[in-house]
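Below: the structure, in structure tokens.
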Amino acid sequence: MGEEAVLSREELDALLEEMPRVWSDRGREGIGARARLADLDLQRANEAFAGEQARMLSNRHQRVISIALIGHREIDTAELAELMLPTDLAAEFQILPRGYEGFLLLSRPLFFQLLSMNFGSGPTIKPTRPPTRDYSRIERRFYDRAAREMIDQLSAAWKRVNKVDVMYGGLASRASVAESQAGDALLATFDVKGFGEACRIRVAIPIEAFARREGGPAQKGGAVAAAVEVSVLDVPIRLRAQIGTAELSLAAVGRLKVGDVIPLDVPSDGSLVVKIGDQEKFRGIAGTRGARRAVQLGDRLGASE
């Protein structure tokens with residue numbers, strides 16, 4: 001391969017040598033491994049939901065609202081309760097036909113911002129701290145409606161990954177979530193911007209509903225790729241565009257507050273470093289392509305090695 005290739009011949013050879021061990025590990029890990037086969041597609045579906053939900057809220061409330069997927073990690077479904085106040089509610093749903101259980105949680109700042117805008121609050125009204133009391137009957141009805149709408153949009157996005165149907169199950173208390181026996185889940189965390197406070201949407205998605213069972217990984221390392229009919233060139237490799245880093249003392253971190261500016265150890269010309277795995281491979285320039293952020297590759301780092 002030429003010098004313009006993203007990976008060198010040595011790096012591709014290393015990947016080929018590593019694949020049998022990776023597939024073997026996945027075969028031993030069981031359900032978590034099967035879920036990771038679909039994890040990238042599910043992540044893309046969740047990102048599509050975020051974009052659609054942001055456009056809908058922006059148009060509805062006449063203000064710029066952005067939603068971004070910022071986390072995607074495995075948890076036990078009951079762990080979602082640890083992110084809830086004792087008076088919080090989560091929306092329960094089931095993925096059919098097997099009835100796998102999941103939950104959607106709206107943070108209180110987000111819920112009360114949506115509630116106030118729904119009742120005519122303009123974009124210039126200063127936000128107030130949301131109460132920690134129990135939700136009132138009217139607030140529960142609004143939560144139910146907002147959650148049902150989001151779950152419908154999630155269902156439409158998930159159908160691109162797996163042919164699933166999602167049935168809404170109503171609102172559940174923190175205690176009900178904590179006592180849930182649903183099992184392993186992927187926790188998708190969305191950051192919502194456009195309001196005065198940090199707002200979050202969290203969705204505990206049952207792993208089993210998206211686990212791929214067909215053609216499971218082979219046991220012999222040499223025949224792995226053929227057994228699962230996957231080319232090594234189709235294996236997803238995550239690229240990270242790192243804007244910069246900063247080093248602060250623990251005391252300085254403890255003093256951080258909203259509005260503080262943290263200088264980064266990068267030039268101010270918009271350049272950043274693109275990593276493949278843990279290795280720095282390119283310098284790039286941040287920009288946009290369509291409605292998404294993008295990075296244009298520039299100089300290759302370590303090309304002379």
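The values are calculated or read from the model by the stated rules, or taken from the named source; none is laboratory data. For clarity, every value in this text was computed on a predicted model and none was experimentally measured. As a convention, Cβ positions derive from the backbone with ideal geometry for all residues, glycine included, and neighbour counts pool all protein chains shown. These area figures cover heavy atoms from the full protein model, side chains too; ligands, DNA and RNA do not enter into them. Shrake-Rupley method; radii C 1.70, N 1.55, O 1.52, S 1.80 Å.
Of note:
- Unique match (being modelled with pLDDT of 80 or more and open to solvent by 100 Å² or more (accessible area, probe 1.4 Å)) among Arg240, Arg255, Arg213: Arg255
- Region 135-165, subset open to solvent by less than 30 Å² (accessible area, probe 1.4 Å) and among the β-branched types (Val, Ile, Thr), residue farthest from Tyr100 (Cα to Cα): Ile151
- Among the residues making up region 42-60, those that are of a type outside the set (Asp, Glu) and either part of a loop (DSSP other than H, G, I, E, B) or open to solvent by 30 Å² or more (accessible area, probe 1.4 Å) (or both) are Arg44, Ala48, Arg55, Met56, Asn59, Arg60.
- Scanning region 96-119 for residues that are over 17 Å from Glu149 (Cα atoms), part of a loop (DSSP other than H, G, I, E, B) and open to solvent by less than 50 Å² (accessible area, probe 1.4 Å) turns up just one, Gly99.
- In region 98-112, the residues that are over 22 Å from Glu197 (Cβ atoms) reach residues that are surrounded by fewer than 21 Cβ atoms within 10 Å (Cβ to Cβ) and acidic (Asp, Glu) with C-beta atoms within less than 8 angstrom, at least six apart or across chains, in these pairs: Arg98/Glu208; Tyr100/Glu208.
- Flag if Phe93 is touching a residue at least 24 places away in the same chain (Cβ under 8 Å), open to solvent by less than 20 Å² (accessible area, probe 1.4 Å) and in contact with a Pro (Cβ under 8 Å, 6 or more places away or on another chain): no
- Being under 30 Å from Lys257 (Cβ atoms) and touching a Ser or Thr at 6+ places or on another chain (Cβ under 6 Å) is a property that Arg200 has.
- Pairs with Cβ under 7 Å, 6+ apart, first in region 173-198 and on the phi > 0 side of the Ramachandran plot, second in a strand (DSSP E or B) and not small (Gly, Ala, Ser): Gly183/Asp76
- Only residues that are in a loop (DSSP other than H, G, I, E, B) and surrounded by 14 or more Cβ atoms within 10 Å (Cβ to Cβ) were counted across region 61-84, and they come to 3.
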